[in-house]
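The values are calculated or read from the model by the stated rules, or taken from the named source; none is laboratory data. Predicted model only: the values in this text are computed from it and were never measured. Ideal geometry is used to build each Cβ from the backbone, glycine not excepted, and the neighbour counts take in all protein chains shown. For the accessible areas, the whole protein counts, side chains as well, though only heavy atoms, and no ligand, DNA or RNA atoms are used. Shrake-Rupley method; radii C 1.70, N 1.55, O 1.52, S 1.80 Å.
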Amino acid sequence: MSHFRIKGGKPLSGEINVAGSKNTALAILSSVILGDGVTMLHNVPNLSDVRVKANLLEKFGAKVTWREGSMIIDSTDIQQGEADEDAVRKIRTSFYLLGPLLARTKEVRIPAPGGCQIGARPVDFHVKGLVRLGAEVYLEGGIYHARCDRLKGAEIYLDFPSAGATQHLMATATLAEGHTIIYNAAIEPEVTYLADFLNQMGARVEGAGTSTVTIHGREALTPTQYSIPSDRLQAGTFLIAGAMTRGNVTVRGVLPEQQAALISKMREAGVEFTEENDAITVHAGERLNSIKVKTMPYPGFPTDVQQPMAALLTTALGTSVIEETIYESRIGHVQQLNRMGADIAVEGRCAIINGVEELQGASVVASDLRAGAALCVAGLAATGETTVKGIHFIDRGYEDIEGAFRALGADFERVVEDGAKEEQGSET
Ligand code: EPU
């Protein structure tokens, strides 16, 4: 297996462009099959999760080709298929294919998505929503079976504003007969982007980006071209890395309003920012102050930058508290940061971070995607050398992260071990 070798302690400086959004690409890849024909997606991040999703589409009859940064998906011959259980377990969004496949093929069998180290992540909202839309859905031997002749619009209330359930049900309802209303919908930007994509295909989705989404079902959708917007979570990671190394970093291709929660909490800790229309520059000179952070659905503080944020606060003055309210066990970074000299205790869903003067390089292991990002950020700021193992998790969400940090002046390299065969981690 490969690993990252980071020689830390150097302030990052320079400019970086953010790649296409992983979570938007994954949601859209579930929905392309709603149309019958050729869809062209631009600015698609070349990430392992995206490649796994493309392979899954092929199992159901799609033809997928890459042309530079674009992906061409021909969904003319979508048919019932057998999805490989291992592939389905690798990415949670494989499950979001269920509704769109059902709308196209009337009967679907798909293995249940697996568990992962950040929480239980059930799919009950998805299943209940599909049943409300008239599908018969049952789980047998670890396989979800779904059947329906024609889906019918319905009112659906989500017990929690789940991004994935909102996306899945919104996309599925575009081909249902009649109107669907999703109450307590997620308002994450990735939901709005998916609605834009669906509307470009001829769907009628209204209210995406608010907590009530209305979908007027159509008989058919037409494939389109779409450019994947930039990844706000990756942007957040770069901003934190700039601050943690006491650097001066401009992140381009980012919408400042999507970073409002992160920026205001980092400002509270003493980080300074300059904002332009589509760029943010982070400056951090002095030692930061401790703060309290609580993760919330958008526009609250994103759970996906909670772990890098914890890395940042390890060297703040005083005691910081991060409360994780979305996932019950997104704490894989804590033990590893402590190996680097951090002082973090976990109490229930809170990480209590007693600030230390500095982190020291160490050998650490990523246990999930954002824990891996946190370890990279910590390694960039730590004195000495850090080795980050388990980097297949990081490759799921950051394309060429070593190149990105090197462009900012970091001493950061991927060491490919002889005969290395990258293993796939659990889902994001
Ligand atoms: N939930 C349920 N039942 C469901 C669905 C969700 O109880 O049927 C719960 C989850 O267990 C969790 C909460 O609802 O406690 C929120 O989960 P949500 O459905 O919003 O998350 P998701 O759609 O599975 C996406 C992103 C995650 C991101 C979350 C929250 C993708 C592929 N994943 O997951 O991204 O953390 O939304 O914003 O879009 C990552 O990129 O590192 C990542 C994990």
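For the range 61-148, the list of GluC sites (Glu not before Pro) that fall in a loop by DSSP and count at most 13 other C-beta atoms within 10 angstrom reads Glu68, Glu82.
In percent, rounded to a whole number, the relative contact order of the chain is 22, using alpha-carbon pairs under 8 Å and six or more apart.
The Rg/Rh ratio for the range 290-428, using Cα coordinates for both the radius of gyration and the Kirkwood hydrodynamic radius, is 0.96.
Ellipticity at 222 nm from helices only: DSSP H runs of n ≥ 4 in the chain, each -39500 (n - 2.57), divided by the residue count, give -8500 deg cm²/dmol.
For Asn17, the residues whose modelled amide H falls within less than 5 Å of its own, excluding neighbours fewer than 5 places apart on the same chain, are Arg252. Taking a virtual spin label 7 Å from the Cα of Arg109 along the C-beta vector, which residues in the range 134-172 bring their backbone nitrogen under 12 Å of it? It comes to 140-146, nothing else. In this Cβ point-charge picture (+1 for Lys and Arg, -1 for Asp and Glu), the range 22-217 has a dipole of about 80 debye about its Cα centre.
Residues with beta-carbon under 11 Å from that of Asn277, excluding Asn277: net charge, scoring Lys, Arg +1 and Asp, Glu -1?
Around Asn277, the surrounding residues sum to -3.
Applying both filters, DSSP loop and at most 10 other Cβ atoms within 10 Å, to the GluC sites (Glu not before Pro) of the range 206-257 gives Glu219.
Per-atom-type breakdown for the range 185-246 gives carbon and sulfur 43% of the accessible area (1.4 Å probe, protein chains only).
Can you give me the % of accessible surface on the range 270-404 that is carbon or sulfur? Probe 1.4 Å, all protein chains present, nothing else counted. The nonpolar share, carbon plus sulfur, comes to 46 percent. Think of a 1.4 Å ball rolled over the protein heavy atoms: the chain then has 37 Å² of accessible area per residue.
The alpha-carbon of Lys294 sits under 27 angstrom from the alpha-carbons of these lysines, leaving out residues fewer than 8 places away in its chain: Lys22, Lys265. Across Val127, Val346, Val52, mean-square fluctuation computed from a Gaussian network of the chain (C-alpha pairs under 10 Å connected) peaks at Val346.
Here the range 8-101 has 42 percent of its accessible surface on carbon and sulfur atoms, given a 1.4 Å probe and all protein chains in place.
How charged is the neighbourhood of Leu101? Take every other residue with its Cβ under 10 Å from the Cβ of Leu101, and add Lys/Arg as +1 and Asp/Glu as -1.
Working: positive: Arg104, Lys106, Arg109; negative: Glu107.
Within the 10 Å Cβ shell, the charges total +2.
Mind checking the full-extension length gain between Thr210 and Ser227? Use 0.36 nm per residue of separation minus the Cα-Cα distance, one decimal, nm.
Gain on stretching Thr210 to Ser227: 3.9 nm.
From largest to smallest, the equivalent ellipsoid semi-axes obtained for the range 22-217 from the alpha-carbon gyration tensor read 22, 19, 17 Å.
Quick one: work out the % antiparallel among DSSP beta bridges in the range 22-217, nearest 5.
Of those bridges, close to 85 percent are antiparallel.
The angle separating the long axis of helix 48-59 from the principal Cα axis of greatest extent in the chain is about 10 degrees. Shape class of the chain from the alpha-carbon gyration tensor: prolate, with a/c at 1.5 or above and a/b greater than b/c. Provide the FRET efficiency to the nearest 0.05 for the Ser264-Glu68 pair, computing r from the beta carbons and using R0 = 60 Å. Once rounded, the FRET efficiency stands at 0.95. Equivalent ellipsoid of the range 206-313: semi-axes from √(5λ) of the C-alpha gyration tensor, largest first, are 32, 16, 11 Å.
For Val346 and Asp159, the FRET efficiency from 1/(1 + (r/R0)^6), where r spans their Cβ atoms and R0 equals 22 Å, is about 0.25.
Angle of helix 369-381 to the longest C-alpha principal axis of the chain, folded into 0 to 90 degrees and rounded to 10: 20°.
Inter-label distance, Arg147 to Arg339: 5.1 nm, where each label sits 7 Å from its Cα along the C-beta direction. Distance from the alpha carbon centroid of the range 298-330 to that of the range 181-236 works out to 28 angstrom. A Gaussian network model of the chain, with springs between Cα atoms under 10 Å, assigns the largest mean-square fluctuation among Tyr96, Tyr398, Tyr138 to Tyr138. What pairs in Lys7/Lys90; Lys128/Lys292; Lys63/Lys106; Lys90/Lys152 have C-alpha atoms more than 29 Å from each other? In this structure, Lys7/Lys90; Lys128/Lys292; Lys90/Lys152 exceed 29 Å between Cα atoms.
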